[in-house]
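K.L.:
What follows is a structure written as structure tokens; I'll ask about it next.
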Amino acid sequence: MNKGVTGWIEGLGARALESVYKMGVMGLFLAKAFLFGLIPPIKVKRVLKQIHFTGLQSLLVIVLTGGFTGMVLGFQGYYSLSRFGSDAFLGPMVGLALIKELGPVISALMVTGRAGSAIAAEIGIMRISEQIDAIELMGLNPFRYLIVPNLIAAMISMPLLTAIFDVVGIFGGYLIGVKLLGVGSGVYFGEMQNYVEMSDVLEGVYKSLSFGIIIAWVCTFKGYYTGIFTGFGAEGVSKATTQAVVLCSVLILVWDYFMTSLLF
């Protein structure tokens, strides 16, 4: 009995040490990515290619989710506020909800599912097919070629995608609140102008920028270490991709809480 308890405690300690080791490796990975990102030369063509992949090709998903999110907020906000005779504040409610919280978070989750998973799978396949080893043998730095372009592209794309999400979402709320439910157009935008401040906009920008870093960091890390922290072959790539999406989603929500509660 005592041996069983001791073995269980030893196993728990081993898993804890392994988790701490992985966290340290992830921290060093991000530090190296920023270091190589600050030291020229930067692979500009690779950065532009990743901006196109992460940003432009995610635009349709962002527009659709932003529009329908704004419409849902318009419906729910109107029926909630009208109970208290405050339906004139529908505009500020939709604007603040999108700009401060829903815009950055939902945009980041959508980009994680569409682009982040593909990045993790692509780098993971390069790892198990020894393409990364070939890059190193050719005298190229895989961080400069694979990691830094994804990091820079995510940091540029996420604030822009979030801004588009916010604008489309506010317009979706306008269609429901003004055109369908009868809220005055001037009231909708006028009250929004009175209550939405620049600090609220900057909060959304800072959140989306940090979410972009999280997406690029976690997805490239999981792909880069495929076969080391996961199995080899197709199963290893599938595990790395799944872990990247799940971990990204959880970190985005956790980090959003800390930024909201501690920084703002």
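K.L.:
Where the second residue is among the polar types (S, T, N, Q) and surrounded by 14 or more Cβ atoms within 10 Å (Cβ to Cβ) and the first is touching a residue at least 40 places away in the same chain (Cβ under 8 Å) and under 19 Å from Gly116 (Cα atoms) and lies in the range 40-54, which pairs have Cβ atoms under 8 Å and are six or more apart or on separate chains?
P.N.:
Partner pairs satisfying both residue conditions: Gln50/Asn150; Ile51/Ser157; Thr54/Asn150; Thr54/Ser157.
K.L.:
When you go through (1) buried (at least 21 other Cβ atoms within 10 Å of the Cβ); (2) closer than 30 Å to Arg127 by Cβ one by one for Ile156, which number turns out not to apply?
P.N.:
Of (1) buried (at least 21 other Cβ atoms within 10 Å of the Cβ); (2) closer than 30 Å to Arg127 by Cβ, only one is false for Ile156: (1).
K.L.:
Further question on the same structure: So, in the range 212-237, of the ones that are among the small types (Gly, Ala, Ser) and in contact (Cβ under 8 Å) with a residue 60 or more places away in the chain, which residue ends up surrounded by the fewest Cβ atoms within 10 Å (Cβ to Cβ)?
P.N.:
So the residue we want is Gly233.
K.L.:
Among Ala33, Ala108, which is more than 18 Å from Pro159 (Cβ to Cβ), in a helix (DSSP H, G or I) and not basic (Lys, Arg)?
P.N.:
Ala33 is the lone residue from the list that is more than 18 Å from Pro159 (Cβ to Cβ), in a helix (DSSP H, G or I) and not basic (Lys, Arg).
K.L.:
Just a yes or no: is a residue in the range 5-26 touching a residue at least 40 places away in the same chain (Cβ under 8 Å), surrounded by 10 or more Cβ atoms within 10 Å (Cβ to Cβ), among the aromatic types (Phe, Trp, Tyr) and out of contact with any helix residue (DSSP H, G or I) (no Cβ under 7 Å at 6 or more places or on another chain)?
P.N.:
The answer is no, given that none of the residues of the range 5-26 is touching a residue at least 40 places away in the same chain (Cβ under 8 Å), surrounded by 10 or more Cβ atoms within 10 Å (Cβ to Cβ), among the aromatic types (Phe, Trp, Tyr) and out of contact with any helix residue (DSSP H, G or I) (no Cβ under 7 Å at 6 or more places or on another chain).
Values quoted throughout were computed directly from the atomic coordinates according to the rules given, and no laboratory measurement underlies them. Because the structure is predicted, anything quoted here is derived from the model rather than measured. Every residue, glycine as well, gets a Cβ built from its backbone with ideal geometry; the counts of neighbours run over all protein chains shown.
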